[in-house]
Amino acid sequence: MASATNPMFAKDRFLLGTFSSNCSSGMTVTKVPERWNNSFENNLRLAHLLDDAGIDFMLPIARWIGYGGETDFHGSVLETMTWAAGLLAHTRNIAVFATIHTAANNPVVVAKQIATIDQLSSGRAGLNIVAGWNKPEYEALGLTLPDDHETRYAYAQEWFDIVRALWTNDTHFDWDGTYFKLKGTKSEPRPFAGQPPIINAAGSPQGRDFATRNANFLFTPTIDLERSTAEVAELKEQARGVGREVDVLTFSHVICRPTEKEARDYYAYVTTENSDWEAVDNLVRLQFAHAHSFPHDLLALIRDRMAAGHGGFPLIGTPEQVADGIASLAAAGFRGSTLSFVNYAEEFPYFRDTVLPLLAEKGIR
């Protein structure tokens, strides 16, 4: 197994991971037949490729119902805690996150689950906290999504306070909170070597307050690099205002080919010619209605990006162009980025062989 140092805490490189490989079609809302099949077999194949290449982490999306359309985008999803446990047991170096909705998971149970997978991996687990935004999923789980972000994040704060207390207290304790009443609670084992890395994706003011106070990494989209440079600086300053250092991650979508024409032609084939537009529009509509993950003043402008990579920063072109795009994210102040592909396991080896060496030459890997 790996050492006690979680790869997410490495300070000598721009962090790279994958996003949403546990979900059908990954991050690409397309009908092309080669789109990602999210079987565990494929995920394990991908995890071995990433692990051997020195990629830092894998981040899943927790999803309970799909977005409809011809493909029912994200209609098939591997549950993230068990997915992470399986991958961590079969890898040696890579960090693997579980994505957990606070409203649907008891914090005492989650504290033990995360500690367990952190133990079995010698300190490579991570927790991605979701306070909730997708109203149809809440309804599918028999839950009510609070209309206001204040309530969602007040609940999430108490939830995480309990998790953190369970990871640090060595005696039984009671909890008399607004949302939880616990008596004589305690959790063993604890995480392998201190608190695992925490990710939170937040767009609302309440969400960003939560993330800067609790997370190690705030996860946010990149729509415009100039805008993102200012945003990253503001988020880091907000965290410093409460005595913390928080890094910012973003997500990207890769179409890398030997020539720019090949990459652009494939992009057009995947999106313009074969997007599942009904699913795209359902996704955009739900983002408008219930979430602030994407800037609402720009959301209507990025429908094509939603089709190509769920709104991820486009890395489309030759290996040199893709490497330059990743370098531009680092220059904007991001600590790292996830990568998605139309077919992760088929396309990653070319990225590994052509782009990673260029990033090493640039000094960011």
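Summary table
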read-out	value
Extreme residue, farthest from L46 (Cα to Cα), among residues of segment 84-119 that are touching a residue at least 60 places away in the same chain (Cβ under 8 Å) and open to solvent by 20 Å² or more (accessible area, probe 1.4 Å)	V108
Of all residues making up segment 176-228, the number that are among the basic types (K, R) and under 25 Å from P314 (Cα atoms)	2
Condition met for T178 (over 21 Å from L127 (Cβ atoms), of a type in the set (S, T, N, Q) and either open to solvent by 20 Å² or more (accessible area, probe 1.4 Å) or touching an Asp or Glu at 6+ places or on another chain (Cβ under 7 Å) (or both))	yes
Condition met for W64 (under 19 Å from the mean Cα position of the chain (by Cα), modelled with pLDDT under 95 and outside any strand (DSSP E or B))	yes
Given (1) assigned to a helix (DSSP H, G or I); (2) at pLDDT 80 or above; (3) over 18 Å from the mean Cα position of the chain (by Cα); (4) under 18 Å from T71 (Cβ atoms), index of the condition T272 fails	(1)
Single unsatisfied condition, G132 versus (1) at pLDDT 90 or above; (2) surrounded by 21 or more Cβ atoms within 10 Å (Cβ to Cβ)	(1)
Filtered residues of segment 309-364 (kept if open to solvent by 40 Å² or more (accessible area, probe 1.4 Å), under 28 Å from D276 (Cβ atoms) and in a helix (DSSP H, G or I))	Q321, E346, Y350
Pick from segment 67-79, criterion touching a residue at least 60 places away in the same chain (Cβ under 8 Å) and either assigned to a helix (DSSP H, G or I) or not hydroxyl-bearing (S, T, Y) (or both), ranking: nearest to D118 (Cα to Cα)	F73
Test: residue in segment 131-153 that is touching a Ser or Thr at 6+ places or on another chain (Cβ under 8 Å) and under 22 Å from S187 (Cα atoms)	no
Filtered residues of segment 139-170 (kept if open to solvent by 30 Å² or more (accessible area, probe 1.4 Å) and small (G, A, S))	A140, G142, A154
Matching entry among P189, P196 (being closer than 30 Å to S122 by Cβ, in a loop (DSSP other than H, G, I, E, B), open to solvent by less than 10 Å² (accessible area, probe 1.4 Å) and at pLDDT 95 or above)	P196
Filtered residues of segment 326-343 (kept if over 14 Å from L358 (Cβ atoms) and not hydrophobic (A, V, I, L, M, F, W, C))	G333, R335, G336, S337, T338, S340, N343
In segment 120-129, the residues that are small (G, A, S) and open to solvent by 10 Å² or more (accessible area, probe 1.4 Å)	S122
Any chance R124 is within 19 Å of R208 (Cβ to Cβ), among the charged types (D, E, K, R) and within 21 Å of the chain's Cα centre (by Cα)	no
Test: residue in segment 30-42 that is open to solvent by less than 10 Å² (accessible area, probe 1.4 Å) and under 15 Å from the mean Cα position of the chain (by Cα)	no
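The values are calculated or read from the model by the stated rules, or taken from the named source; none is laboratory data. The shown structure was predicted, so the numbers you read here are calculated from the model rather than taken from an experiment. Neighbour counts run over all protein chains shown; Cβ positions are idealised from the backbone, glycine included. Just so you know, the surface numbers come from the protein's heavy atoms only, side chains and all, with ligands and any DNA or RNA stripped out. Shrake-Rupley method; radii C 1.70, N 1.55, O 1.52, S 1.80 Å.
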